[in-house]
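Q: Sharing a structure here in structure tokens format.
The values are calculated or read from the model by the stated rules, or taken from the named source; none is laboratory data. No experiment lies behind these values; they were computed from the predicted model shown. FYI the Cβ positions are ideal-geometry reconstructions off the backbone, even for glycines, and counts take in every protein chain you see.
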Amino acid sequence: MTVTTSHYSLLAVLCVVLIVLYFAKRSLDIINNPPKSKKKGYGASEDEPVPLPTPLNITPEEVKTRDDRPWRPFRWPYHQTMSIFKLDVNHWLDMDKYYYDYIKEKERVIHTYGPDNFDSLPGSEDACLELMETVKEHMLLRYPLLFTTPDNGVHVKNELTGEVLDFSEPLKENPLVYISKMAKEDFYVVRKGEDGAHRLVAAAVPFPGGSFGIKYKLGKTLDVIHTEVPYYEEKLKPSMEKWFSRMKPADLVERASWYISWDHKLLLNNVYALKEGDKVQSDILPSQFNVRVERQTLRRLPKSKAIIFTNHPVFYSIDEMKDEPLVPSLIRKIIYEAPESICKYKNFQSFRDHLLPYLNNLVDEQIKKGLITEDTPVKTMPTYPFASFLKDSDDTKGWSNPKYPVNYSKEFHKEIETAPVLERDTFARSAKVGNLIFSST
Ligand code: HEM
């Protein structure tokens, strides 16, 4: 068949019709589903729905060997800033191989110290109930093989502990107890009062670490709570207030801070059990030193508008990070050269001279192995706040350290056996001076 001019004209008309149809359909799609604005940074719109987690089908067996994202929150230069990151809701309440130990330790703290660590004030009831429902929904949606329900959430079986939680009304226990039987995180419930100030109105905080006692913080404003925190007034407070004034339920963020101790305890670490001026015992091996990362999240509940702050401690031994370029150099720099007030707050003086030869050796080894050079600038790592191996795995497989896998469960159990004596002595000492742990009295 010969192609004539009329064929070409027909083809051209057809093309024009198709192009017109395509653009007509696109504008209809856009009207029906307007594209989300590509805002930089944070700040959801008022009507943006609160994100729900997607299922992660890990089994109780898989949890036993699972590590979550590997935190390395070391910064240099060390400025006290909010350092918050947008949080993927899937990571609001993480899951790892220490889950069972943490839940059991929560039980011990509840039974031993009760309201010292778990308490709520009148007026916080609706917020605590909403938090309980939010935690329950999160666990059921995110971990369908770890939390199961035969009756749409009235009864929920925690497949990791074997316990069935009965949510039928009236509730048998305080909502804070239910929360603590589902999640391994500490929870702080904060509300804005009529005077505009944010106050801590409920707390399920069994793992404060020892730098503060949560019973001294309940009912206090965030300003009072952070009195001891270096640079709070001049650096943190203005950004926090700005953030809280704009934070919508769909704005979830996370951050991490850290300190060092020579144990894995959750309620009270050795570094905060020392009397003021005391130093680590000379027989503690460098391999016993751990960075305790305080992984924190912030979100707002849609109904009560309460702000929920969570904290989850996780330990990384300095030893397991020894081949990660710059980690030993950063730790050495920070414990000696961070602002004096931060060194004091984290009690770096109590152990840094003891740890120095070990850190010097690790830095020399990194140079010998070609991981860094003498001239590599000591500054925040490009993969901050995570280890470089974050990119090599995913949610399903988890993030065990590929070179030096660690499980501190055994050491943790041993340490807990002797913890009550240390706790009794330290808490008795601190009770005399209120919130200050480093007391020589
Ligand atoms: C909104 C709820 C929050 C609560 C209930 C809360 C509670 C606390 C408590 C109890 C402490 C220990 C204070 C002490 O040692 O006496 C603390 C420390 C601290 N908080 Fe907050 N906080 C909240 C939000 C934030 C936010 C949004 C930031 C971000 C800038 C922040 C930054 C810090 C810092 C830097 C410290 C010192 C320990 C560290 O280095 O992490 N806090 N907070």
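Q: Residue pairs, Cβ under 8 Å, 6 or more apart or interchain, first in region 213-240 and under 18 Å from residue 83 (Cβ atoms), second more than 9 Å from the ligand (Cβ to nearest atom) and assigned to a loop (DSSP other than H, G, I, E, B). List them.
A: If the second residue must be more than 9 Å from the ligand (Cβ to nearest atom) and assigned to a loop (DSSP other than H, G, I, E, B), the pairs left are 222/197; 230/339; 231/339; 235/79.
Q: Can you find a residue that is hydroxyl-bearing (Ser, Thr, Tyr), touching a helix residue (DSSP H, G or I) at 6+ places or on another chain (Cβ under 6 Å) and under 24 Å from residue 258 (Cβ atoms) anywhere in region 208-225?
A: Yes, region 208-225 has at least one match.
Q: Taking residue 151 and the conditions (1) touching a residue at least 24 places away in the same chain (Cβ under 8 Å); (2) under 17 Å from residue 137 (Cβ atoms), which numbered condition does it fall short on, given that it satisfies the others?
A: (1)
Q: Right, next: Does region 369-377 include one or more residues that are surrounded by 15 or more Cβ atoms within 10 Å (Cβ to Cβ) and over 26 Å from residue 275 (Cβ atoms)?
A: Within region 369-377, one or more residues are surrounded by 15 or more Cβ atoms within 10 Å (Cβ to Cβ) and over 26 Å from residue 275 (Cβ atoms).
Q: Which of the numbered conditions does residue 292 fail, given that it passes all the others? Conditions: (1) without any contact (Cβ under 8 Å) to a residue 40 or more places away in the chain; (2) assigned to a strand (DSSP E or B).
A: With respect to (1) without any contact (Cβ under 8 Å) to a residue 40 or more places away in the chain; (2) assigned to a strand (DSSP E or B), residue 292 is out only on (1).
Q: Please list, ordered by first then second residue, the pairs with beta carbon atoms under 6 Å, 6 or more apart or interchain, first in region 333-360 and free of Cβ contacts under 8 Å to residues at least 60 places away in the same chain and part of a helix (DSSP H, G or I), second of a type outside the set (S, T, N, Q) and within 14 Å of the ligand (Cβ to nearest atom).
A: 352/335
Q: Separate question: Output the residues belonging to region 109-132 that are in a strand (DSSP E or B) and of a type in the set (S, T, N, Q).
A: 120
Q: Surrounded by fewer than 21 Cβ atoms within 10 Å (Cβ to Cβ), of a type outside the set (D, E, K, R) and closer than 17 Å to residue 408 by Cβ: does that describe residue 78?
A: no
Q: Continuing with the same structure: Report, ordered by the first and then the second residue, all pairs with beta carbons closer than 6 Å, sequence separation of six or more or different chains, a first member in region 45-58 that is among the small types (Gly, Ala, Ser), and a second member that is at pLDDT 95 or above.
A: Here the result reads none, with nothing in region 45-58 linked to a residue that is at pLDDT 95 or above.
Q: Read through the list (1) more than 23 Å from residue 265 (Cα to Cα); (2) buried (at least 16 other Cβ atoms within 10 Å of the Cβ), then give the number of the only condition that residue 203 fails.
A: (1)
Q: Pairs only if they're at least six apart or on different chains, beta carbon under 9 angstrom, first in region 247-273 and within 28 Å of residue 198 (Cα to Cα) and among the β-branched types (Val, Ile, Thr), second at pLDDT 95 or above and more than 13 Å from the ligand (Cβ to nearest atom); list them, first residue then second.
A: These pairs meet every condition: 253/86.
Q: For region 384-403, which residues satisfy the criterion of being loosely packed, with under 15 Cβ neighbours inside 10 Å and in contact (Cβ under 8 Å) with a residue 12 or more places away in the chain?
A: Of everything in region 384-403, those that are loosely packed, with under 15 Cβ neighbours inside 10 Å and in contact (Cβ under 8 Å) with a residue 12 or more places away in the chain turn out to be 388, 396, 402, 403.
Q: Look at region 168-205 and say how many of its residues are closer than 21 Å to residue 91 by Cβ and of a type in the set (Gly, Ala, Ser).
A: 3
Q: Among the listed residues 373, 396, identify the single one that is among the β-branched types (Val, Ile, Thr) and over 22 Å from the mean Cα position of the chain (by Cα).
A: Among 373, 396, only 373 is among the β-branched types (Val, Ile, Thr) and over 22 Å from the mean Cα position of the chain (by Cα).
Q: So, in region 88-98, exactly how many residues are within 14 Å of the chain's Cα centre (by Cα) and surrounded by 19 or more Cβ atoms within 10 Å (Cβ to Cβ)?
A: Total meeting the criteria: 5.
Q: Moving to a separate point now. Inside region 257-290, can you point out the residues that are among the small types (Gly, Ala, Ser) and either crowded, with 23+ Cβ neighbours inside 10 Å or in contact with a helix residue (DSSP H, G or I) (Cβ under 9 Å, 6 or more places away or on another chain) (or both)?
A: Matches in region 257-290: 261, 273, 277, 282, 287.
Q: Within region 309-320, is there a residue that is within 22 Å of residue 387 (Cα to Cα), among the aromatic types (Phe, Trp, Tyr) and not in a loop (DSSP other than H, G, I, E, B)?
A: Within region 309-320, one or more residues are within 22 Å of residue 387 (Cα to Cα), among the aromatic types (Phe, Trp, Tyr) and not in a loop (DSSP other than H, G, I, E, B).
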